[in-house]
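Student: Structure in structure tokens, see below.
The values are calculated or read from the model by the stated rules, or taken from the named source; none is laboratory data. The model shown is predicted, which means the values in this text are computed figures rather than measured ones. Positions of Cβ are generated from backbone atoms using ideal geometry, with glycine treated the same way; all protein chains shown enter the neighbour counts. For the accessible areas, the whole protein counts, side chains as well, though only heavy atoms, and no ligand, DNA or RNA atoms are used. Shrake-Rupley method; radii C 1.70, N 1.55, O 1.52, S 1.80 Å.
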Amino acid sequence: MPKKESQPRPLSFRLSPEAAERINKRINLGELNIFQNVSTDTSKLDRLWRIADEAMRILQEDGQSIEGCSSDEAVRYWLDRRTSKELSVFKALCRAVDENWIEVFDRCLYAEILIGEQKKALENFIGSFFNAFISSPDEKMLIPPKYDQFVEKILGSDQIDLDTLTSLIDTFIKEFALNGRKIRFQVISSSEACSISSIEIRGKNQKDKIETWNFRYTEPFPELVETEDWWWKGNISIQFEAINKGHKLSESCEVFISERGYIWAEILFDFDRGICTVK
């Protein structure tokens, strides 16, 4: 049998906060035309039902489905902006409460409304994309400004800029990791960097295999050690020798490295406090 093609989902629309507030106020005051022959002490529930009835009448006249506005709850959700509505239902509800459907969107043009919906979807995508790569809320707050510039350019345009979006994705693939991170290791004492004469790192690599990486340096000893092309995740043990105030000292520590996040896991050992921190 031929594969059945999936139908595209219809576009949907929501009220702006200002429009929802304006409509709710007119409902509470009984100022809508459909309330003209209704007692002033009618409950809000009955008023919502009248809006639903009027919207259903409009849809039925136009030969449209009444799904999405056939109860007081559907109208309440529309006013609370909890759910979006298909265009025909949205327009019917707006007509029922005497609102011009374009004015509801703060007098935006129809094309701009569609762009607004696209931007919402794109903003959700970018948020999910960031969360997939970033290891913690703290790291998300420390994203270099260049990523914000990418996002501002994408969301600030009236069209989805595919080139900018592609560049953002390429940059993340190069600078962030999803299954292990390289290590940058540094030792300090009294907030000053110490020289490292040897180091051994042991733990899981990106393939979940236990590996050991070690190196013994000659003078001049480095203050920063990088495991270029070696990837780590999970519980990692580090043994090292460092020159602290003219004395060579041996120390060890254990740290946990998230398998995703910025491609370099920055590890700092503080001689004064005797602790390792990862960022």
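Student: Take Ser195 and decide whether it is of a type in the set (Ser, Thr, Tyr), more than 17 Å from Ser252 (Cα to Cα) and in contact (Cβ under 8 Å) with a residue 40 or more places away in the chain.
Tutor: No; evaluated as a whole, the condition is false for this residue.
Student: Another question, then. Filtering the range 52-92 down to residues that are in contact with a Lys or Arg (Cβ under 7 Å, 6 or more places away or on another chain) and in a helix (DSSP H, G or I), which residue is modelled with the lowest pLDDT?
Tutor: Among residues in the range 52-92 that are in contact with a Lys or Arg (Cβ under 7 Å, 6 or more places away or on another chain) and in a helix (DSSP H, G or I), the one modelled with the lowest pLDDT is Trp78.
Student: Determine which single condition Lys25 fails, assuming it passes every other condition in (1) within 26 Å of Lys120 (Cβ to Cβ); (2) open to solvent by less than 90 Å² (accessible area, probe 1.4 Å); (3) basic (Lys, Arg).
Tutor: (2)
Student: Tally time: how many residues in the range 219-238 are under 15 Å from Arg181 (Cα atoms) and open to solvent by 70 Å² or more (accessible area, probe 1.4 Å)?
Tutor: 5
Student: If you don't mind, there's one more thing I want to ask. Go through the range 58-86 residue by residue and tally those that are open to solvent by 50 Å² or more (accessible area, probe 1.4 Å) and of a type in the set (A, V, I, L, M).
Tutor: So the count comes out to 1.
Student: Mind listing just one residue for me: the one in the range 150-176 that is polar (S, T, N, Q), open to solvent by 40 Å² or more (accessible area, probe 1.4 Å) and modelled with pLDDT of 80 or more and, of those, nearest to Glu266 (Cα to Cα)?
Tutor: So the residue we want is Ser167.
Student: Under 7 Å by Cβ, and 6 or more places apart or on different chains, what pairs join a residue from the range 118-143 that is part of a helix (DSSP H, G or I) with one that is hydroxyl-bearing (Ser, Thr, Tyr)?
Tutor: Taking only residues 6 or more apart or on different chains, the pairs are Glu139/Tyr262.
Student: Another question about this same structure. Can you give me the number of residues within the range 35-53 that are more than 16 Å from Asp80 (Cβ to Cβ) and open to solvent by less than 40 Å² (accessible area, probe 1.4 Å)?
Tutor: Total satisfying the criteria: 3.
Student: Conditions first: (1) touching a strand residue (DSSP E or B) at 6+ places or on another chain (Cβ under 9 Å); (2) more than 30 Å from Ile143 (Cβ to Cβ). Gly246 passes all but one, so which condition is the exception?
Tutor: (1)
Student: While we're here: Being over 13 Å from Tyr262 (Cα atoms), in contact (Cβ under 8 Å) with a residue 60 or more places away in the chain and either open to solvent by less than 50 Å² (accessible area, probe 1.4 Å) or among the basic types (Lys, Arg) (or both) is the requirement here; does Ile183 meet it?
Tutor: No: the conditions fail for Ile183.
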